[in-house]
Structure formats: structure tokens, C-alpha cells
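I have placed the structure first, in the form of C-alpha cells, so that the comments after it can refer back to it.
The values are calculated or read from the model by the stated rules, or taken from the named source; none is laboratory data. It should be emphasised that the depicted structure is a prediction, and the values quoted were computed from it without experimental measurement. Cβ coordinates were reconstructed from backbone atoms using ideal geometry, including for glycine residues, and neighbour counts include every protein chain displayed. Heads up: the accessible areas ignore ligands, DNA and RNA and are worked out on the full protein's heavy atoms, side chains in. Shrake-Rupley method; radii C 1.70, N 1.55, O 1.52, S 1.80 Å.
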Amino acid sequence: MLTRLYFTPVHRQEDSNTLTVGVNSSEAGSQQSLVSNESSASSLQSNDENIQISSYSATTWQLLKLCKPDWHYIFGGFIFLLAASVTEIFIPYFEGHVINDIVKSTSDTQIRDAIITLGLITFATSVCTGIRGGLFMVAVARMNIRIRNLLFQSVVKQDISFFDQSTTGEITSRLTSDVTKMSDEVTLNINTFLRGIIKVIGTTIFMFVLSFRLTVVTLISLPLIAIIVDYFGEWYKKLSKSVQDSLASANGVAEEVCSSIKTVRSFACESYEIQRYAKKLKITYGHKLKQAILYAGFEFTNEMLDLAITVVTLYYGGHLVITGQISGGMFIAFILYQLEMGESVEDLGEVYTGLMQAVGAADKVFELLDRKSEFTCNGTYAPAQLSGHIQFKDVSFSYPSNRERMVLDKVSFEAKPGEVIALVGQSGSGKSTCISLLERFYEPASGEILIDSHPISEYDHEYLHRKMALVGQEPVLFARKLEENIAYGHENCEFEDIRQSAIEANADEFIQDLHHGYGAYAGERGHNLSGGQKQRIAIARAIVRKPCILLLDEATSALDAYSEHLVQQAIKANCKNRTVIIIAHRLSTVEDADRILVIDKGKVAEEGNHFSLLAKNGIYTKLVKNQLLSTSKDSPQQDELCSDADQKSPTTPSLTTEEI
Ligand SMILES: Nc1ncnc2c1ncn2[C@@H]1O[C@H](COP(=O)(O)OP(=O)(O)OP(=O)(O)O)[C@@H](O)[C@H]1O
Ligand SMILES: [Mg+2]
């Protein structure tokens with residue numbers, strides 16, 4: 001039926017939570033279907049209700065400012081939008097004329113002229129609509145790319161504590177779905193809004209011109225429709241929120257399981273996880289069922305209203321035609337306008353939802369865009385020579401996520417150029433934290449860290465990290481070729497340098513054995529390599545830069561004793577102009593360091609070389625004893641390997657039980 005005014009739950013995305021009223025039309029929502037379907041649990045939950053008016057207008061203003069560089073596309077789009085909307089309004093009027101001419105069987109020329117006029121208007125509308133659509137799409141694409149770039153820049157420059165406190169899922173959802181939602185919805189909804197407003201005003205004028213009385217009869221029903229929609233809409237919105245929450249929770253299970261599949265498999269928990277996921281989905285199904293019942297109610301109301309409006313319009317309109325107050329063709333034109341108006345009202349309803357979603361998403365994007373890193377890397381000091389003299393002076397520190405707990409308490413030590421300093425101590429004592437502070441991942445709460453008597457904050461960020469290389473406790477490789485991994489961040493690196501550093505890291509042999517050698521793909525986070533192989537690539541990546549400060553945090557823990565020995569020999573041979581800080585649990589790794597610092601509960605408890613510390617008979621001796629006991633109990637094989645390595649390395653004093 002032509003006057004199919006009805007209620008439509010918006011189904012374009014899973015996060016639909018609004019009902020709109022409008023006319024059934026294939027075109028209705030076609031603008032919206034351009035909106036990407038990317039969605040995420042977090043952004044889905046972002047919805048509108050809590051958005052304050054002030055933040056709404058602030059965000060909208062920020063959004064408009066972001067559109068500025070694309071103003072020429074947007075402006076052009078609006079001009080063609082205006083032209084398309086205005087010409088479109090005339091189409092039903094001329095359609096009515098054509099029908100009238102046909103019904104009245106007037107001359108062929110009159111019919112032909114009317115059809116030509118209609119054709120020309122439709123052609124102009126189509127051209128303008130096409131150009132408008134294209135220009136807006138370009139504006140959306142440009143805006144999308146620009147925001148993503150800005151956001152990525154902002155994310156990458158955040159301090160490390162930001163990453164400690166946010167999940168990767170949250171950050172990527174900001175970069176993908178939220179950006180898409182805000183750029184697509186904003187442009188498309190402003191577009192739809194203007195088009196809708198022009199069409200509502202235009203069609204209403206034409207309807208009044210065609211029949212004042214019929215228009216009043218049609219418009220009288222609008223407040224009733226609005227009340228019903230509002231009532232059901234609220235209900236539907238609550239249900240949609242429950243659906244989204246339950247879906248987010250199910251997604252959480254899926255994400256967790258997929259990212260920890262090896263743990264799940266090793267504990268044979270597949271069935272348990274499948275059931276857990278199914279349970280979550282069952283809750284979603286419950287909410288969806290309620291939604292379906294509500295939807296059925298809508299459909300019923302919709303049909304009834306449709307019928308009521310159709311009956312009233314046809315009855316009264318028919319009466320007007322019969323009594324000669326309006327021609328048949330004009331009555332059909334009126335019905336077409338009525339149809340258009342319903343469609344435009346529907347579009348306007350969707351604009352509100354879309355804009356609210358865009359503002360919700362934009363709020364989060366701007367929060368991240370505007371977030372300032374807790375400390376800045378704006379140092380400029382970059383001397384021609386750096387000797388690598390490290391000083392920790394009364395450094396105290398607590399992690400931003402737990403400010404109360406002091407992880408380092410007035411730590412002071414010094415590492416002179418060419419020295420090898422070892423940090424040992426129980427797990428969780430604060431060794432890696434010292435390295436993190438030296439790398440400037442965090443700022444100390446008090447005290448200072450100096451390199452060559454200059455605070456590290458004064459150094460130029462890129463300079464400092466060119467001079468300092470870290471092999472972390474859990475080295476991460478990138479999903480690139482091995483040679484690219486080794487040369488990471490070291491532009492213009494010759495293949496010979498890559499190979500030489502791989503030889504020093506005792507990695508060359510296994511790399512040569514790989515099918516593609518240095519061109520072999522490391523896999524995501526280096527999954528294609530074993531733990532020890534990954535470590536050796538990470539060591540090669542550090543030494544290829546020829547750093548003057550080398551930080552090795554459990555860098556050889558996954559290597560067998562012989563490989564570790566080879567790597568250490570290579571590092572030692574090259575450490576004349578280099579300060580090396582080594583952290584290791586395997587004490588044989590650090591026993592020939594120039595100085596060993598025993599870190600205990602965030603403090604430097606003991607300091608000295610291997611023999612002087614043994615002589616103290618303190619924490620270090622206890623650590624050595626415990627390790628020797630566990631090694632001899634658990635791994636006689638390793639002892640053999642150790643002694644094998646020691647034979648090959650007469651300079652390395654080996655620990656024996658007698659010695660202790
Ligand atoms: N990002 C973080 N946020 C909050 N607390 C942290 C963080 N990283 C480490 N910690 C805490 O700081 C303390 C010191 O950790 P650190 O990693 O320095 O220990 P570690 O001596 O290197 O231990 P291990 O030998 O096990 O590597 C630990 O209690 C740990 O729980
Ligand atoms: Mg550690």
C-alpha cells in the first residue's frame with residue numbers, strides 16, 4: 001500500500017537500539033547502508049544515553065573542526081545535495097501530471113512533453129545525487145584515513161603506563177570501529193539530515209498545495225505515532241543494550257581462548273571453553289528472543305496503523321476525487337508526497353541515532369587523540385660521543401597502576417664505560433624495573449638517572465635509543481623477514497653487518513639452516529622460531545646497532561649452556577667500548593661480571609664481584625647455593641654441559657659446591 005507508514009527497528013548494526021518511524025521504501029536507509037558494519041564490544045557499549053549535552057556539543061564542535069581540511073569536498077557535496085533534494089521534490093508533482101494526462105486521454109504531445117519534463121528532472125536529480133554521493137564518500141575516506149593516522153601517532157607516543165592500563169582490544173577498537181563510526185556517521189548523517197529537512201519542508205508544501213484538508217488529516221496522526229514509537233523505542237533500547245553486553249561478554253571468551261589456545265589445549269579445556277562460550281551465547285539468545293517478541297508487537301502495531309492511515313487517506317481522498325475537489329492524478333501525486341515525507345521522517349529519526357553513535361565513538365577517539373603522555377620525550381641533548389657512564393642516584397619508583405607499592409627504594413649504583421654490571425636477585429625484586437627506567441619507559445618518583453652525567457630526560461629520544469640497545473626478558477620479533485627483524489630501526493644497515501651480528505649472537509648457523517635463510521619469515525611475534533632462536537635474533541638485533549650501552553634482561557635464559565657461553569664470549573669481546581648490564585637468574589651467566597648488584601625487595605642489598613660476594617656469605621651466597629642444589633638435583637645433564645662449556649672457557653670461574 002502506498003501509505004505504509006510504519007515503525008522500523010534499525011537493524012543495520014548489532015548495536016541498534018532505536019526505533020524509527022517511516023515509510024517502507026527500498027531507498028530508505030540506503031545512505032546508512034554505506035556505513036561500515038565494523039563493530040566492537042567496547043564501542044557498542046559506548047552508547048549515547050550518558051552523553052552530556054556539554055560534551056555532546058564540545059565533541060560535535062571538535063568533529064566539525066576535523067572536517068575542515070575536507071571542506072571543499074563537503075561543500076561541493078552539500079551544493080549537489082541541495083540541488084538533488086530540490087529537483088527530487090518536483091518529481092511526484094510531474095508524475096501526477098503525466099497520470100492525469102493519461103487518464104484524461106489528452107493529446108499525445110501533452111503526454112510527451114510532461115514525460116520529457118519528468119525525465120529531465122529525474123536526470124538532473126540522478127546526476128546531482130551521484131555527484132553528491134561520490135563527494136561525500138571521498139570526504140569520509142579522507143577524514144577516516146586522517147583520523148586513523150592522527151590516532152595511531154597519538155597511541156604510539158603514549159607513555160608505557162598507558163599500555164599497561166589498556167588492553168590491545170580497546171586500542172584497536174578505537175582505531176578501527178570507533179574511527180569508522182565517527183567519520184562515516186558524521187558525514188553521512190549531516191548529509192541525510194539536510195536532505196531530510198529539505199524534503200520534509202518541500203513535500204509538506206506540495207501536500208498543502210495539492211490538498212489542504214488531506215494534509216491535515218495525514219499530519220494529525222503524527223503525534224500518536226511519535227508517542228507509540230517513543231514507548232516501544234525505550235523498551236527496545238534497553239533490550240539492545242542487554243544484547244550488546246552479553247555479546248561483548250561472549251566475544252571476551254572467544255578472544256581469550258583464541259589468544260591462549262596453546263594453554264587451553266595443554267590443559268585439555270576445549271570442551272569447557274566451548275560450553276562457556278555457548279552459555280554466554282544462550283544469554284544473548286534470551287535477550288534476542290525478547291527482542292523478537294517486541295518486534296512482532298511492532299509489526300502488528302505497524303500494520304494496524306498502516307491500515308488505519310490507508311483507510312482514512314483513501315476514504316477521504318476518494319471522496320475528494322469523486323466530488324471533483326482534486327483530480328485523480330493529483331491524488332496519486334499527494335500519496336507519493338506522503339510516501340516521501342514518511343521516508344524523510346524516517347531518515348531524520350535515523351540521523352539522531354547515527355549522530356549519537358558517532359558522538360559516542362568520537363568521544364572515545366578524542367579522549368585518546370587529546371591524551372597527553374605523562375611525560376614527554378622532548379630532550380635535545382645529543383653529544384657526538386657517548387661513553388656510556390650510567391649512574392642511578394637514589395632512584396625510587398612505583399608503577400602508575402599501583403602507586404602505593406614502592407618497587408624501587410632509593411636504588412643507587414654506577415656502571416662505568418666498558419664495565420659489565422650484573423643485576424641478580426629473587427623474582428619480582430625489581431631488576432627489570434631498573435632497565436625499564438633506564439630505557440625511559442617510566443619516570444622515577446624520585447632520584448635521578450644519569451648517562452655521562454646528564455639526566456636521561458635531557459637526551460634526544462632517538463639519539464639515546466640508538467646508543468642503547470635492549471634485549472628484553474620476553475623478546476618480541478615482528479612478523480617480517482629475519483634480516484628485517486635484525487635490522488629493525490637501523491636504517492641503511494648492510495647485509496654484512498646483519499650477518500656479522502647474527503654470527504656474534506650465535507644465530508647464523510640456525511638461520512642458514514632455514515629454508516629461506518635470512519629471508520625466512522619470523523611469523524607473528526616470532527612464532528615460527530623457538531624460544532632460544534628468538535632470543536638470539538633479538539641479541540643480533542641489539543648488537544647490530546653497535547650500542548654503547550647494552551642491556552640484557554634474561555637475554556640468554558632460553559639458550560643451552562654452550563650456546564649461552566658462545567654468545568657471552570662474543571658480547572665480552574666487543575664490550576671494550578660498551579657498558580653492559582646483564583640480568584640473569586642462571587648465576588653462572590653473571591659470575592664473571594665486573595660487579596654484581598644483588599637487588600632485594602627494590603633495594604641494592606649487596607654489591608661486589610662474584611668472589612667478594614661469596615665471601616660475604618649473604619643473599620648472593622644463598623642464591624648460588626640454592627641454584628647449585630637445584631641444578632645438581634634436577635639436571636645432572638646441565639651440569640655436564642656447564643662443565644663442558646667451562647672447559648672451553650678457562651677464563652670463566654665455575655661455581656663448585658666446595659667453593660661455597
Ligand atoms: N607494568 C607493571 N605494572 C605494575 N607492576 C609491575 C609492572 N611490572 C612489574 N611490576 C611489579 O614490580 C615488581 C618488580 O618487577 P620486575 O619485573 O622489576 O621484577 P624482576 O626482578 O625483573 O623479576 P623477574 O626476575 O621475575 O623478572 C614486581 O612485584 C612486579 O609485580
Ligand atoms: Mg625481570
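At a glance:
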read-out: Sole exception among (1) of a type outside the set (Asp, Glu); (2) out of contact with any helix residue (DSSP H, G or I) (no Cβ under 7 Å at 6 or more places or on another chain); (3) open to solvent by 50 Å² or more (accessible area, probe 1.4 Å) for Ile283, by number; value: (2)
read-out: Pair list, Cβ < 8 Å and 6+ apart or interchain, from the stretch 408-433 residues that are open to solvent by less than 20 Å² (accessible area, probe 1.4 Å) to residues that are of a type in the set (Gly, Ala, Ser) and within 7 Å of ligand 1 (Cβ to nearest atom); value: Leu408/Gly430; Val411/Gly430; Lys431/Gly425
read-out: Subset of the stretch 555-576 [more than 31 Å from the chain's Cα centre (by Cα) and within 16 Å of ligand 2 (Cβ to nearest atom)]; value: Thr556, Ser557, Ala558
read-out: Options Val127, Val98: the member that is at pLDDT below 85 and of a type in the set (Val, Ile, Thr); value: Val98
read-out: Members of the stretch 46-88 that are open to solvent by 50 Å² or more (accessible area, probe 1.4 Å), modelled with pLDDT under 75 and either touching a helix residue (DSSP H, G or I) at 6+ places or on another chain (Cβ under 6 Å) or among the basic types (Lys, Arg) (or both); value: Tyr56
read-out: Pair list, Cβ < 6 Å and 6+ apart or interchain, from the stretch 581-595 residues that are within 17 Å of Ile390 (Cβ to Cβ) and at pLDDT 85 or above to residues that are in a loop (DSSP other than H, G, I, E, B) and within 13 Å of ligand 1 (Cβ to nearest atom); value: Ile582/Val590; Ile583/Glu554
read-out: Subset of the stretch 156-171 (residues that are touching a residue at least 40 places away in the same chain (Cβ under 8 Å) and out of contact with any helix residue (DSSP H, G or I) (no Cβ under 9 Å at 6 or more places or on another chain)); value: Lys157
read-out: Of residues in the stretch 579-619 being part of a loop (DSSP other than H, G, I, E, B) and within 16 Å of ligand 2 (Cβ to nearest atom), the one most open to solvent (accessible area, probe 1.4 Å); value: Lys601
read-out: Of all residues making up the stretch 139-176, the number that are within 16 Å of ligand 1 (Cβ to nearest atom) and hydroxyl-bearing (Ser, Thr, Tyr); value: 4
read-out: Verdict on Leu437 being crowded, with 16+ Cβ neighbours inside 10 Å and either near ligand 1 (Cβ under 10 Å from one of its atoms) or in the same structural domain as Phe163 (by TED's automatic domain parsing) (or both); value: yes
read-out: Failed criterion for Ala358 (all others in (1) of a type in the set (A, V, I, L, M); (2) out of contact with any strand residue (DSSP E or B) (no Cβ under 8 Å at 6 or more places or on another chain); (3) at pLDDT 90 or above hold); value: (3)
read-out: Every residue from the stretch 472-502 that is without any contact (Cβ under 8 Å) to a residue 24 or more places away in the chain and either within 16 Å of ligand 1 (Cβ to nearest atom) or within 23 Å of Glu524 (Cβ to Cβ) (or both); value: Glu474, Glu484
read-out: Scope the stretch 61-90; condition touching a Leu at 6+ places or on another chain (Cβ under 8 Å) and either among the hydroxyl-bearing types (Ser, Thr, Tyr) or touching a residue at least 60 places away in the same chain (Cβ under 8 Å) (or both); matching residues; value: Tyr73, Ile74, Gly77, Phe78, Leu81, Leu82, Ser85
read-out: Helices (runs of 4 or more DSSP H) wholly inside the stretch 424-541 containing at least 2 residues that are within 16 Å of ligand 2 (Cβ to nearest atom) and of a type in the set (Ser, Thr, Tyr); value: 431-438
read-out: Any hit, the stretch 555-573, residues being open to solvent by less than 20 Å² (accessible area, probe 1.4 Å), within 16 Å of ligand 1 (Cβ to nearest atom) and assigned to a loop (DSSP other than H, G, I, E, B); value: yes
read-out: In the stretch 370-401, residue farthest from ligand 1 (Cβ to nearest atom) [restricted to those that are of a type in the set (S, T, N, Q), surrounded by 10 or more Cβ atoms within 10 Å (Cβ to Cβ) and within 27 Å of the chain's Cα centre (by Cα)]; value: Thr376
read-out: Candidate set: the stretch 496-532, residues that are touching a helix residue (DSSP H, G or I) at 6+ places or on another chain (Cβ under 7 Å) and open to solvent by 40 Å² or more (accessible area, probe 1.4 Å); chosen: the one nearest to Val567 (Cα to Cα); value: Glu504
read-out: All positions within the stretch 220-248 that are part of a helix (DSSP H, G or I), surrounded by 15 or more Cβ atoms within 10 Å (Cβ to Cβ) and among the small types (Gly, Ala, Ser); value: Gly233, Ser240, Ser242, Ser246, Ala248
read-out: Among residues of the stretch 299-335, those that are within 28 Å of Phe232 (Cα to Cα), surrounded by 18 or more Cβ atoms within 10 Å (Cβ to Cβ) and out of contact with any Ser or Thr (no Cβ under 6 Å at 6 or more places or on another chain), counted; value: 4
